[in-house]
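Below is one structure; the comments refer to it alone.
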Amino acid sequence: MSGFSSKRDLFKYFMKYSNEKKDDLDKRKTRSPLLKSYLLETYSKNNMNNFKKEFNNFEFIQIDDSIYQLEDLNVKEKNKPAGWLELLSNRFHIFYTSLSTKDIENRLQNIIKDSSILDSLWISDKFYLRLFNFLKTINHDLRFTKVKMNYNTELKYSISKEFLDNKSNIISEDLDIMENNHNLEIAETISDTDDILNNLREMQNYATPKSISMLRIPGQKGGGFDFYYDGKITNRSRNFNDYYNNIKFVINIYSRLLEFIEEDVWLDFNNHRFKSSNSYVKGSPVIIEFNKKIDQSVFNNFIDKVFVKGYGNFRLWGEPIKISPGKIHVYGLDLHLWQEVFLELTPETFVLILPEGACGNTINRFITNIQHYLETDFNAYIGDQLYESYIDKSFSEVVN
């Protein structure tokens, strides 16, 4: 598949492809994968040559100033590209693909994870709630939507024996067989989804409803667009233009969110006193206050797996320094941009300091993955301002 001479030609193909896939969905029979997109955040000072090096097994074929077709050099048949990359701005790119999830997603995620200049978009539970509340204002109550919630307790239950504080081997055995992945799904009208979601989130000691991982935005002419917490979007409508406009809408809000965060983290040099040392540092801290103290075994396990062993999507590395049994300092690196990060961690509170020049996306990634892999019942602050106040401000600027 080749021959696109402009962005307009490519988007005409996407429109035709989306229309065909919606027909298949209506017949409940899909003969080929749906169109998907993956949103990439990148450092604005990196040029295209550096960017291409991150995709070292792909050939870039330029279509126009902002669009590249990517051919997989490991595949001999060239009838179906790996995808197309749109340089939407200096900071955000969109990777489109019509390959199946199993054929492209893990490869793309590994490229991002191994890259110092690439990151995903990280959509937190609070961002989803604000987006859903906005959707309620512009859609009929009877429009269909879907919400998925995912809470993975591997960091809580897959605990090394060394962190169990001499508890019995029976506990260790029980933890080994516990189901780690907890999923919920609501597929209802917007009105019913609102009622169900609110009721679920009010339940005490039930973490999963406070860990939204996907929200379907209804399309203008039927179908919808599934937005996942790690920047993946699936088109389940026949209108590509509507799909594209919704992607840009979310990116615009997210972009403003990063700008607001970075303005405060970099420029509002508030003094913050570390309780353990009485020392002062410059910069607005990111503070996560847990409403319930984290179990000491879970806390120790989290420190070991995230900062020493590089667990999951956190992309943080550092040497934990034990100040006391319940207090850890980490002088480390964010593996996106290789920027220094400083953390003070206790079972009650996490404090993250980002020096000037660090990427605000680190904060979204940290909060979102705490929510999915450690604990969902917490309040996050940037300085003395609630994290969701930044989200509200970003929505207000774009919507109004």
Filter pass, residue 32 being within 30 Å of residue 253 (Cα to Cα), part of a loop (DSSP other than H, G, I, E, B), of a type in the set (Ser, Thr, Tyr) and out of contact with any Cys (no Cβ under 8 Å at 6 or more places or on another chain) = no
State the number of residues belonging to region 296-322 that are under 12 Å from residue 344 (Cα atoms), surrounded by 16 or more Cβ atoms within 10 Å (Cβ to Cβ) and hydrophobic (A, V, I, L, M, F, W, C).
-> 1
Exactly one of (1) at pLDDT 95 or above; (2) more than 28 Å from residue 336 (Cβ to Cβ) is unmet by residue 148. Its number?
-> (2)
So which residues in region 154-180 are in contact with a Phe, Trp or Tyr (Cβ under 8 Å, 6 or more places away or on another chain) and either modelled with pLDDT of 75 or more or not assigned by TED's automatic domain parsing to the domain that holds residue 213 (or both), if there are any at all?
-> 154, 155, 180
Between residues in region 376-400 that are surrounded by 14 or more Cβ atoms within 10 Å (Cβ to Cβ) and residues that are part of a helix (DSSP H, G or I) and among the hydroxyl-bearing types (Ser, Thr, Tyr), which pairs lie under 8 Å by C-beta distance while being six or more apart or on different chains?
-> 376/208; 380/387; 381/387; 382/390; 394/254
Any idea how many residues of region 79-114 are closer than 19 Å to residue 339 by Cβ and surrounded by fewer than 20 Cβ atoms within 10 Å (Cβ to Cβ)?
-> 4
Considering only region 348-365, state which residues are in contact with a helix residue (DSSP H, G or I) (Cβ under 8 Å, 6 or more places away or on another chain) and of a type in the set (Val, Ile, Thr).
-> 363
Which residue pairs have Cβ atoms under 6 Å apart, sit 6 or more places apart or on different chains, and have a first residue in region 236-257 that is at negative phi and a second that is hydrophobic (A, V, I, L, M, F, W, C) and in a helix (DSSP H, G or I)?
-> 240/14; 240/15; 252/398; 253/395; 253/398
Here are some residues: 113, 21, 102, 16. Which one is outside any loop (DSSP other than H, G, I, E, B) and either in the same structural domain as residue 240 (by TED's automatic domain parsing) or farther than 20 Å from residue 234 by Cβ (or both)?
-> 113
Out of (1) at pLDDT 90 or above; (2) closer than 23 Å to residue 210 by Cα, what's the single condition that is false for residue 312?
-> (1)
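Results for (1) farther than 28 Å from residue 22 by Cα; (2) modelled with pLDDT under 95, shown as yes or no for each residue.
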{"position": "198", "(1), (2)": "yes, no"}
{"position": "213", "(1), (2)": "no, no"}
{"position": "235", "(1), (2)": "no, no"}
{"position": "268", "(1), (2)": "yes, yes"}
Pull up region 343-382, narrow it to residues that are over 29 Å from residue 157 (Cβ atoms) and touching a strand residue (DSSP E or B) at 6+ places or on another chain (Cβ under 8 Å), then point me to the one that is modelled with the lowest pLDDT.
-> 357
Please work out if residue 138 is free of Cβ contacts under 8 Å to residues at least 24 places away in the same chain and of a type in the set (A, V, I, L, M).
-> yes
Of 64, 26, the only residue that is charged (D, E, K, R), over 23 Å from the mean Cα position of the chain (by Cα) and either closer than 29 Å to residue 117 by Cβ or not assigned by TED's automatic domain parsing to the domain that holds residue 82 (or both) is 64
Evaluate region 37-53: report whether one residue or more is part of a loop (DSSP other than H, G, I, E, B) and touching a His at 6+ places or on another chain (Cβ under 9 Å).
-> yes
Tell me which residues, restricted to region 286-314, are within 12 Å of residue 154 (Cβ to Cβ) and aliphatic (A, V, I, L, M).
-> 298, 306
So residue 49 fits all but one of (1) buried (at least 21 other Cβ atoms within 10 Å of the Cβ); (2) free of Cβ contacts under 8 Å to residues at least 12 places away in the same chain; (3) of a type outside the set (Lys, Arg); what number is the exception?
-> (1)
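The values are calculated or read from the model by the stated rules, or taken from the named source; none is laboratory data. Because the structure is a prediction, the values reported are computed rather than measured. Positions of Cβ are backbone-derived with ideal geometry, glycine not excepted, and every protein chain shown enters the neighbour counts.
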